[in-house]
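Reviewing the structure listed below.
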Amino acid sequence: MKILILTQYYTPENTLISPTPARALQAKGHEIRVLTGYPNYPEGRLFDGYKQRWRSWETVDGVQVMRVPLFADHSQTPIRRIANYSSFAFSSASARSLARWADVVYVYATQMTPALGPWLWRLAGGAPYVLHVQDLWPDSITGSSLVGTGVTSRVIERALKPWLTSVYSRAGGVIGIAPTMVATLLERGSPPARTHLVYNWAEEDSIGPCPTGLAAEQPQGARILYGGNVGDMQDLDTVVTAAHRAAHAGVELAIVGSGIALPRIRALADSLGATNVTFHGRVPRAKMSSYYAWCDFAVVSLKDLPNFRGTVPSKLQASLSHGTPVIVTVQGDVRAIVDSLGVGFAADAEDVDSLKEAFVMAADLSAAELAAMRARARSAYVSEFSASAGIASLERVLLTASAL
């Protein structure tokens, strides 16, 4: 197949899912081109070495990549964030000549706005498209701190729903990343025969040595890692406070990553006197394996919003791929997965006391119990969440869609 991958975020931005199928599908003999924006995520500033132009081509890991301009931003200002999403939607939609080359368009939908172009192209007789839905819209917008509740939220919901229904119904394939998300997509007009569950996968690299500044051995307690975006939705206020209250059990928390909430979370840790909480900033993805080598558990946290109950954050797969058990506050599908597979502990969302108890239970595990939980974590990843399984499923969906 000739596959056009359309994604707002791509290497060198700290993303995983979109570059992985580009490389893997190309290795299987398919022709791949990527349509994306200029790198600025997660801080909303253009990366060094890039200057925005109307069109530019580069080769990334052997894959041809076309970049189109966008309004670089990742702030919490609604107008600026809307400008970021909509500018990429319209600039990518203008690349119709590139789309004519493709047999099928694969849309990596962290937000739904990149689907504008493929939807318009399909209306005009263009190639079929497959949506890989990462966040449900309009839920992730109306339920976020960007717009809050009230009139604005209702207006956005009413404006988006008819378009989203059309986008789903006209898609050659729709992929959800969690069982509840798939059920919701079906309710919202996604064709049953074209709707699929494909779990996200992790970057499957080797485990490295412990990073500088972290002890390689800890005789008791639990070393806990948070790695990823430090945003408002990740509810790290609860994580830091719970870790501080569990310090007596030997709990140590390392936060690796950056984002708009980082200054506030640092200030919270300072105000609490949380000496068992350390911040390591954003690190290259290749170095994350060393932090997983250090920790005993990884924390996967989100605020308690309805749309999060039907999503599986990629941090879960990243942790399990390293044989690292998890402590989760994400309700719904994630909590059910962790409980059923026995790969960690689950706490109530936005509940400091519940999370503190989970931290203490993790710290109280014997070496044998922790080793058994590590083995279950790795086994679960291989059987349920591996990249090979995900790419094979994705390839089947794309092949089916390309024939429509």
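Within the listed set 83, 269, 124, the residue fluctuating most in the Gaussian network model of the chain (springs between alpha-carbon atoms under 10 angstrom) is 124.
Once you reduce region 71-130 and region 305-366 to the center of their Cα atoms, the two points are 33 Å from each other. Label-to-label distance for residue 123 and residue 336 is 3.6 nm, based on points extended 7 Å past Cα in the beta-carbon direction. Got a sec? Which residues in region 350-374 would a label at residue 278 touch, if it sits 7 Å along Cα→Cβ and we count backbone N under 19 Å? Within reach of a label on residue 278, which here means backbone N under 19 Å from a point 7 Å along Cα→Cβ, region 350-374 contributes 363. Here's the list of lysines a cross-link from residue 28 could span, going by alpha-carbon distance under 21 Å and ignoring same-chain residues fewer than 8 apart: 2.
Between residue 57 and residue 94, 0.36 nm times their residue separation minus their Cα-Cα distance comes to what? It would help to have the intermediate numbers written out before the result.
Numbers: separation 37, 0.36 × 37 = 13.32 nm, distance 1.55 nm.
Once the chain is fully extended between residue 57 and residue 94, it gains 11.8 nm.
Under the definition of Cα pairs under 8 Å and six or more residues apart, what whole-number percent is the relative contact order of region 222-385?
Values: 304 pairs, mean separation 41.5, N = 164.
Here the relative contact order equals 25 percent.
For the chain, a simple Cβ point-charge model (Lys and Arg +1, Asp and Glu -1, everything else neutral) yields a dipole of about 1680 debye relative to the Cα centre. Candidate cross-link partners of residue 315 among the lysines, defined by an alpha-carbon separation under 17 Å and a same-chain spacing of 8 or more, comprise 287, 303. Full extension of the chain segment joining residue 64 with residue 86 gains 5.5 nm, where the gain is 0.36 nm per residue of separation less the Cα-Cα distance. Using 0.36 nm per residue and subtracting the Cα-Cα separation, the extra length available between residue 403 and residue 170 on full extension is 82.5 nm.
For the pair residue 155 and residue 186, label points projected 7 Å from Cα toward Cβ lie 3.6 nm apart. Give me the base-10 log of I(q)/I(0) for region 222-385 at each q in 0.08, 0.12, 0.15, 0.17 Å⁻¹, Debye formula, one uniform scatterer per Cα, rounded to two decimals. Log10 I(q)/I(0), no solvent term: -0.20, -0.45, -0.73, -0.97.
Rounding to the nearest 20 debye, state how big the charge dipole of region 222-385 is about its Cα centre with +1 on each Lys and Arg Cβ and -1 on each Asp and Glu Cβ. Mind dumping the intermediate values first?
Working: 15 positive and 17 negative charges, 136 e Å.
With Lys and Arg at +1 and Asp and Glu at -1, about 660 debye.
In the chain, the longest principal axis of the Cα atoms and the axis of helix 387-402 are about 20 degrees apart. Once backbone amide H atoms are built at 1.01 Å from N, residue 344 has 326 as its partners under 5 Å, excluding neighbours fewer than 5 places away on the same chain. Against the main long axis of the alpha-carbon atoms of the chain, helix 367-380 sits at an angle near 10°.
Values in this text are rule-based calculations from the coordinates and carry no lab data. Keep in mind that this is a model prediction, so the values were computed, not measured. Positions of Cβ are generated from backbone atoms using ideal geometry, with glycine treated the same way; all protein chains shown enter the neighbour counts.
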